[in-house]
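> My structure is below; once you've seen it, I'll send some questions.
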Amino acid sequence: MERATIADVAAEAGVSVSTVNRILGGKAQVRNSTIQKVQSAAERIGYYGLGAIAYRLTEATPTYRLGFLLQQSHRPLYQLLNAKIIQACHQRQTDIVNPLIDFVDQLTPENIARRLIALGRECDAVALIAADHPLVGNAIRELKAMGKPVVTYITDQSSTDRAAYVGTDNWMLGRTAGYLMTRMAHREGSIAVLIGNHRYQCQDIADASFRSYVREHAPHLIVQESRPTHEVPDQAYRMVRDQLANSSELVGILIVGGGISGVLRALREVPEERRKKILLICRDTGPETRRGLGEELITASLCHPVDATSELLIDTMIEVIGNGNLDAPLYKTIPFEILTPMNI
């Protein structure tokens, strides 16, 4: 069999001979998509210069180092986000993304700000999950001045120096939780609200909109003051255990922060007849939540679609790197999922 020529590669790829020559020469600009098309054609016909084309593709492919500051390495939810971010980085076709992921277990604003700056110095852009605080805002401003954009992820920051927000519409999420709760609560009573921390914007906004909906549509239901769990399951357990022991009027629980495993533990300790009368709505998406849905302890979970959110996050980080200093932060929302015992 005769050895394939440049003309054969060009014909197979549907491009000109000069385009193939430019790729092999490595001196002229050729789009990545064209190089990929030529590489595929060369593979199909067994062209001997595959190595040169592959090298040119690697050389021409944009490469990014992206940082991700997550929280609480011991929580299954953040381990899941970690895995999905890495997967989304590695499956990209038009660029090379090297993720650098850091977990913050000590959730003080000082520690988060320090770790954010350290991560930003090593990366082209950083994604951040953190409670809103002026110290964190100062760190975002410092990174912006260094040309390192910060994208808030799942929960937003009030800093105008952030480059973008990627997550759900938390006002809509809270209203949806209110709709579900009021439509399924068939008796008068009270609703307990557990929040991780009032400084998490995603939680505080969902809490406020939930209350707004219940006030408007179910005035017979009493929404209790929200109580912070500080994202600690044992604290959530004690709160719900005490509620169950001291109040027979509890008809529902809304948990907009961490601690779902503690809530489920408390519910498992009461008789089945009692817990079946209590609605539980959360916004977690981890394995403990899916177990609770399977046991029908959780009525519904309103959560981020982690695959799609991770992909949108990386797209947005690369977009803000290319855009430089934006006049205003980008705001990219993604529809939340509603999981129930019937569709997990």
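> Scanning for something within 30 Å of residue 306 (Cα to Cα), under 38 Å from the mean Cα position of the chain (by Cα) and open to solvent by 60 Å² or more (accessible area, probe 1.4 Å), does region 60-73 turn up at least one residue?
Within region 60-73 (the criterion being within 30 Å of residue 306 (Cα to Cα), under 38 Å from the mean Cα position of the chain (by Cα) and open to solvent by 60 Å² or more (accessible area, probe 1.4 Å)), the answer is yes, since at least one residue qualifies.
> Do we have residue 222 as of a type in the set (A, V, I, L, M) and open to solvent by 40 Å² or more (accessible area, probe 1.4 Å) here? Before the answer, list the steps.
On the way: of a type in the set (A, V, I, L, M): yes; open to solvent by 40 Å² or more (accessible area, probe 1.4 Å): yes.
Criteria met by residue 222.
> Anything in region 237-286 that is open to solvent by 20 Å² or more (accessible area, probe 1.4 Å), in contact with a Pro (Cβ under 8 Å, 6 or more places away or on another chain) and under 25 Å from residue 175 (Cα atoms)? List them, or say none.
261
> Also, I was wondering about something else. Looking only at region 82-127, which residues are open to solvent by less than 60 Å² (accessible area, probe 1.4 Å), touching a residue at least 60 places away in the same chain (Cβ under 8 Å) and outside any loop (DSSP other than H, G, I, E, B)?
Residues satisfying the conditions are 84, 85, 88, 89, 97, 125, 126, 127.
> Considering region 151-194 alone, what residues qualify as being closer than 27 Å to residue 215 by Cα, touching a strand residue (DSSP E or B) at 6+ places or on another chain (Cβ under 9 Å) and of a type in the set (Ser, Thr, Tyr)?
Residues satisfying the conditions are 155, 168, 176, 182, 190.
> Based on this model, can you work out whether residue 318 counts as part of a helix (DSSP H, G or I), within 22 Å of residue 151 (Cβ to Cβ) and open to solvent by less than 20 Å² (accessible area, probe 1.4 Å)? Give the derivation first.
Working: part of a helix (DSSP H, G or I): yes; within 22 Å of residue 151 (Cβ to Cβ): yes; open to solvent by less than 20 Å² (accessible area, probe 1.4 Å): no.
Taking the combined requirement at face value, the residue does not satisfy it.
> Give 302, 293, 326 a once-over and let me know the one that is at pLDDT 95 or above and not in a helix (DSSP H, G or I).
Numbers: 293 fails: not in a helix (DSSP H, G or I); 326 fails: at pLDDT 95 or above.
Step by step, each of 302, 293, 326 is checked, and only 302 is at pLDDT 95 or above and not in a helix (DSSP H, G or I).
Quick grid of which residues meet (1) farther than 22 Å from residue 72 by Cα; (2) open to solvent by 20 Å² or more (accessible area, probe 1.4 Å); (3) of a type in the set (Phe, Trp, Tyr); (4) over 21 Å from the mean Cα position of the chain (by Cα):
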site	(1), (2), (3), (4)
130	no, no, no, no
135	no, yes, no, yes
148	yes, yes, no, no
151	no, no, no, no
167	no, no, no, no
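> Give region 162-212 a look and list any residue that's among the acidic types (Asp, Glu) and at pLDDT 95 or above, or say none. Please lay out each step first, then the result.
Kept after step one, since they are among the acidic types (Asp, Glu), are these residues of region 162-212: 169, 188, 204, 207.
Of everything in region 162-212, those that are among the acidic types (Asp, Glu) and at pLDDT 95 or above turn out to be 169, 204, 207.
> Answer yes if at least one residue in region 92-112 is over 30 Å from residue 18 (Cβ atoms) and basic (Lys, Arg), and no otherwise. Before you say what the answer is, go through the steps one by one.
So the first thing to find is which residues in region 92-112 are over 30 Å from residue 18 (Cβ atoms), and the list is 97-112.
Next, from what is left, pick out any that are basic (Lys, Arg): none.
No, every residue in region 92-112 fails to be over 30 Å from residue 18 (Cβ atoms) and basic (Lys, Arg).
> Suppose the filter is part of a helix (DSSP H, G or I) and at pLDDT below 90; does residue 18 pass it?
Working: part of a helix (DSSP H, G or I): yes; at pLDDT below 90: no.
In short, no.
> Count, please, the residues in region 204-219 that happen to be over 22 Å from residue 107 (Cβ atoms) and open to solvent by 50 Å² or more (accessible area, probe 1.4 Å).
Total satisfying the criteria: 4.
> Within region 177-201, restricting attention to residues that are over 24 Å from residue 266 (Cα atoms) and in contact (Cβ under 8 Å) with a residue 60 or more places away in the chain, which residue is least open to solvent (accessible area, probe 1.4 Å)?
The initial filter retains those residues of region 177-201 that are over 24 Å from residue 266 (Cα atoms), namely 179, 183, 199-201.
Still in the list and also in contact (Cβ under 8 Å) with a residue 60 or more places away in the chain: 199-201.
Working: 199: 117, 200: 15, 201: 44 Å².
Looking at residues that are over 24 Å from residue 266 (Cα atoms) and in contact (Cβ under 8 Å) with a residue 60 or more places away in the chain, I get 200.
> Check 168, 152, 176, 182 and return the single one that is in contact with a Pro (Cβ under 8 Å, 6 or more places away or on another chain) and polar (S, T, N, Q). Steps first, please.
Details: 152 fails: in contact with a Pro (Cβ under 8 Å, 6 or more places away or on another chain); 176 fails: in contact with a Pro (Cβ under 8 Å, 6 or more places away or on another chain); 182 fails: in contact with a Pro (Cβ under 8 Å, 6 or more places away or on another chain).
Of 168, 152, 176, 182, the one residue that is in contact with a Pro (Cβ under 8 Å, 6 or more places away or on another chain) and polar (S, T, N, Q) is 168.
> If you don't mind, another one. Starting from region 43-68, take each residue that is touching a residue at least 12 places away in the same chain (Cβ under 8 Å) and over 30 Å from residue 148 (Cβ atoms) and list its partners that are assigned to a helix (DSSP H, G or I) and open to solvent by 60 Å² or more (accessible area, probe 1.4 Å), counting only C-beta distances under 6 angstrom and pairs at least six apart or across chains.
Taking only residues 6 or more apart or on different chains, the pairs are 45/8; 45/12.
> Quick test of your reading of the structure: residue 329 fulfils all but one of (1) within 30 Å of residue 249 (Cα to Cα); (2) surrounded by 15 or more Cβ atoms within 10 Å (Cβ to Cβ); (3) in contact with a Lys or Arg (Cβ under 6 Å, 6 or more places away or on another chain). Name the failing condition by number.
For residue 329, the exception is condition (1).
> Within region 287-315, track down each residue that is free of Cβ contacts under 8 Å to residues at least 40 places away in the same chain and buried (at least 16 other Cβ atoms within 10 Å of the Cβ).
Of everything in region 287-315, those that are free of Cβ contacts under 8 Å to residues at least 40 places away in the same chain and buried (at least 16 other Cβ atoms within 10 Å of the Cβ) turn out to be 292, 297, 301, 303, 305.
> Please identify the pairs in which a residue from region 6-29 that is on the phi < 0 side of the Ramachandran plot and open to solvent by less than 60 Å² (accessible area, probe 1.4 Å) has its Cβ atom under 6 Å from the Cβ atom of a residue that is of a type outside the set (Ser, Thr, Tyr) and outside any helix (DSSP H, G or I), counting only partners at least 6 apart or on another chain.
23/30
The values are calculated or read from the model by the stated rules, or taken from the named source; none is laboratory data. Note that the structure is a prediction, hence the values are computed from the model and not measured. A quick note on method: Cβ atoms are made from the backbone with ideal geometry, for glycine too, and the neighbour counts reach across all protein chains shown. Surface areas here come from the heavy atoms of the whole protein model, side chains and all, with no ligands, DNA or RNA. Shrake-Rupley method; radii C 1.70, N 1.55, O 1.52, S 1.80 Å.
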